[in-house]
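Since the structure comes first, as structure tokens, the remarks are kept for the end.
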Amino acid sequence: MDNEFSVVQFFEDGSHEYVRRMVSIGEAVKAAHHYTTSVGVKLGMVKRVIITDGGDCCCFEWKLGEGVVFPPQNLEEVK
């Protein structure tokens, strides 16, 4: 159960790419940081990056122009 996280980046044309599959949470977080600060982001090509767990639940979501949108900084937003 330690290696059940995947990282996906989404592009402006609507396509997506799995950049990590079935890795540890540490590796997933490092990859997400890399892909949210990449050249593709600076050029506006990458619009969204997510981390999902083994059950395909979203654990982290970043959007271009908004930053980290999940998990919310204010937990009141979850209610």
* To do: Return the total of residues in segment 1-38 being within 16 Å of Phe70 (Cα to Cα) and among the hydrophobic types (A, V, I, L, M, F, W, C).
  => 8
* Selection within segment 1-15 - of a type outside the set (S, T, N, Q), surrounded by 13 or more Cβ atoms within 10 Å (Cβ to Cβ) and farther than 16 Å from Leu43 by Cα -> Glu4, Phe5, Val7, Val8
* To do: Scan segment 39-57 for residues that are of a type outside the set (D, E, K, R) and either over 12 Å from the mean Cα position of the chain (by Cα) or farther than 18 Å from Gly67 by Cβ (or both) and jot them down.
  => Val39, Gly40, Val41, Leu43, Gly44, Met45, Thr52, Gly54, Gly55, Cys57
* Output the number of residues of segment 39-79 satisfying the condition of being among the polar types (S, T, N, Q) and either touching a residue at least 24 places away in the same chain (Cβ under 8 Å) or on the phi > 0 side of the Ramachandran plot (or both). => 1
* Among the numbered criteria (1) surrounded by fewer than 14 Cβ atoms within 10 Å (Cβ to Cβ); (2) in contact with a Lys or Arg (Cβ under 6 Å, 6 or more places away or on another chain), which single criterion is violated by Ala31? -> (1)
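Here, each number is a calculation from the coordinates, and none is a lab measurement. Predicted, not measured: the structure shown is a model, and the values here were computed from it. When we count neighbours, we look across all protein chains shown, and the Cβ atoms used for this are built from the backbone with ideal geometry, even at glycine.
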